[in-house]
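Step one of this worksheet: look at the structure below.
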Amino acid sequence: MSLNTSKPMLQLKLTALLSTDLLVNIGNLFAGSRDQVRLVEDISRCLQGTCSEVLEFKILNPEARLELQVLMERLRQIGQTARDKGVRILVDAEHTYENLGLSLLTLAMMAAYNSTTSIVWNTYQCYLKKTMDNVKNEMSIARRLNVYFGIKLVRGAYVSQERDEAKRIGLPDPVCENYKTTNDNYNRVLSFLLDTASRPGAKINIMVATHNEESTKLAVTRIREYKLDRLQDTVVTFGHLLGMCDHISVILAQAGYQVYKALPYGPVEMVMPYLARRAAENKTGLMGARREQQLLWEELKRRLWRQCSCCACFPY
Ligand SMILES: Cc1cc2nc3c(=O)[nH]c(=O)nc-3n(C[C@H](O)[C@H](O)[C@H](O)COP(=O)(O)OP(=O)(O)OC[C@H]3O[C@@H](n4cnc5c(N)ncnc54)[C@H](O)[C@@H]3O)c2cc1C
């Protein structure tokens with residue numbers, strides 16, 4: 001397949017490729033590892049076909065090891081095809097019990113495919129209190145492996161599930177107390193990333209995946225301040241869902257920024273509930289939709305008025 005765009009991007013839900021048990025097991029390996037860089041390297045070697053070297057996997061049972069081999073083959077095909085076609089793979093973040101495993105697999109893919117540019121990206125959810133620490137840790141692993149760190153920064157889509165699950169198992173709530181603290185966290189992590197990107201030799205690509213105007217303005221201000229828009233390679237991309245906040249996407253694109261519009265596709269019975277959840281969680285998206293409608297209406301009036309100034313056919 002060829003795509004008519006210079007830097008195509010594709011979101012990947014890794015959870016579709018393996019069982020939750022295996023993912024949680026892999027996450028536990030990551031959390032318990034005394035040498036996370038080495039573990040990432042081991043799995044990255046596994047991706048290149050030499051799985052026997054992965055000593056840590058001895059703790060997995062034979063069935064899980066077989067599933068892991070199939071998974072490695074799938075990730076290898078995805079990574080190699082993406083690299084050959086120049087398509088960026090954005091791995092989605094999901095629930096906290098899955099995210100550690102997702103991070104380990106994604107970092108291993110970065111180690112295998114991100115030596116010259118960010119082909120594989122991970123996602124970090126700023127509604128989680130620990131996100132800054134995780135970003136710093138995983139960024140330092142990529143740095144030590146001397147590969148590019150691709151990061152999609154979101155607020156997070158599973159507030160109520162996270163809270164319910166924490167309550168059910170008697171753990172503290174991992175999510176920021178309210179919308180304001182999530183916003184503060186997002187802007188803090190975003191500022192940290194842009195500051196890091198401005199340093200000489202930084203190997204980082206950032207997607208500001210939000211419909212929030214305040215965070216978007218903050219990103220644009222910092223990009224200009226650090227002159228990141230003058231660099232040859234695009235360091236910062238903006239990410240929106242198709243059909244949401246198009247007025248912001250257009251303004252950004254007109255100003256020369258790259259904007260990725262995410263297009264979910266699949267059977268209607270699966271896509272519609274997904275879109276309904278996105279619309280419900282999206283506080284600024286809804287306000288944006290009203291604003292967009294108003295802007296479109298004004299533009300329509302302006303164009304019609306230009307064509308025909310007769311008061312009778314255009315009485316506004
Ligand atoms: C391109 C793209 C990719 C995405 N990929 C992922 C992904 O991989 N994983 C994922 O989880 N999400 C993903 N999302 C969804 C994202 O996490 C947000 O749910 C969505 O974008 C709405 O947040 P916002 O920043 O756009 O806007 P806003 O409307 O400003 O923020 C809404 C968000 O604020 C947070 N929030 C709202 N109320 C509270 C509260 N009471 N307490 C704490 N926090 C609160 C929630 O995170 C909510 O989603 C993606 C979004 C985009 C645009």
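The values are calculated or read from the model by the stated rules, or taken from the named source; none is laboratory data. Just so it is clear, the structure is predicted and the values come from calculations on it, not from any experiment. Heads up, the Cβs are rebuilt from the backbone with ideal geometry, glycines too, and the neighbour counts pull from every protein chain shown.
Okay, here's what the table says:
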{"read-out": "Residue within the stretch 191-200 that is within 9 Å of the ligand (Cβ to nearest atom) and in contact with a helix residue (DSSP H, G or I) (Cβ under 7 Å, 6 or more places away or on another chain) present", "value": "no"}
{"read-out": "Qualifying residue in the stretch 121-136 (condition: more than 16 Å from the ligand (Cβ to nearest atom), in a helix (DSSP H, G or I), modelled with pLDDT of 95 or more and not charged (D, E, K, R))", "value": "no"}
{"read-out": "Of all residues making up the stretch 255-299, the number that are within 9 Å of the ligand (Cβ to nearest atom), at pLDDT below 70 and either loosely packed, with under 10 Cβ neighbours inside 10 Å or of a type in the set (Lys, Arg) (or both)", "value": "1"}
{"read-out": "Residue in the stretch 228-243 that is more than 30 Å from residue 16 (Cα to Cα), surrounded by 11 or more Cβ atoms within 10 Å (Cβ to Cβ), at pLDDT 90 or above and more than 10 Å from the ligand (Cβ to nearest atom) present", "value": "yes"}
{"read-out": "Selection status of residue 93, within 14 Å of the ligand (Cβ to nearest atom) and small (Gly, Ala, Ser)", "value": "yes"}
{"read-out": "Failed item, numbered, when residue 82 is tested on (1) under 24 Å from residue 146 (Cα atoms); (2) loosely packed, with under 15 Cβ neighbours inside 10 Å; (3) within 19 Å of the chain's Cα centre (by Cα)", "value": "(2)"}
{"read-out": "Evaluation of residue 104 against (1) in a helix (DSSP H, G or I); (2) surrounded by fewer than 22 Cβ atoms within 10 Å (Cβ to Cβ); (3) in contact (Cβ under 8 Å) with a residue 40 or more places away in the chain (one fails), failing number", "value": "(2)"}
{"read-out": "Pair list, Cβ < 9 Å and 6+ apart or interchain, from the stretch 72-99 residues that are in a helix (DSSP H, G or I) to residues that are among the aromatic types (Phe, Trp, Tyr)", "value": "79/113; 80/113; 82/113; 83/113; 96/158; 99/124"}
{"read-out": "Close pairs (6 angstrom Cβ cut-off, 6 or more residues apart or separate chains): within 17 Å of residue 247 (Cα to Cα) and charged (D, E, K, R) in the stretch 210-231, within 12 Å of the ligand (Cβ to nearest atom) and not in a helix (DSSP H, G or I) anywhere", "value": "none"}
{"read-out": "Extreme residue, farthest from the ligand (Cβ to nearest atom), among residues of the stretch 165-184 that are among the aliphatic types (A, V, I, L, M) and more than 22 Å from the chain's Cα centre (by Cα)", "value": "169"}
{"read-out": "Qualifying residue in the stretch 4-18 (condition: farther than 22 Å from residue 118 by Cα, over 23 Å from the mean Cα position of the chain (by Cα) and at pLDDT 90 or above)", "value": "no"}
{"read-out": "Qualifying residue in the stretch 233-251 (condition: in contact (Cβ under 8 Å) with a residue 60 or more places away in the chain, out of contact with any Cys (no Cβ under 7 Å at 6 or more places or on another chain), under 25 Å from residue 184 (Cβ atoms) and assigned to a strand (DSSP E or B))", "value": "yes"}
{"read-out": "Residues located in the stretch 156-214, provided they are crowded, with 20+ Cβ neighbours inside 10 Å, part of a loop (DSSP other than H, G, I, E, B) and among the polar types (S, T, N, Q)", "value": "210, 212"}
{"read-out": "Pairs, first of a type in the set (S, T, N, Q) and surrounded by 13 or more Cβ atoms within 10 Å (Cβ to Cβ) in the stretch 1-30, second at pLDDT below 95 and not in a helix (DSSP H, G or I), C-beta under 7 Å, six or more apart", "value": "11/262; 25/60"}
{"read-out": "Test result for residue 218, closer than 19 Å to residue 133 by Cβ, under 19 Å from the mean Cα position of the chain (by Cα) and surrounded by 17 or more Cβ atoms within 10 Å (Cβ to Cβ)", "value": "no"}
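Rundown of residues vs (1) more than 26 Å from residue 232 (Cβ to Cβ); (2) hydrophobic (A, V, I, L, M, F, W, C), yes/no style:
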residue	(1), (2)
78	yes, yes
85	no, no
112	no, yes
119	no, yes
128	yes, yes
132	yes, yes
137	yes, no
144	no, no
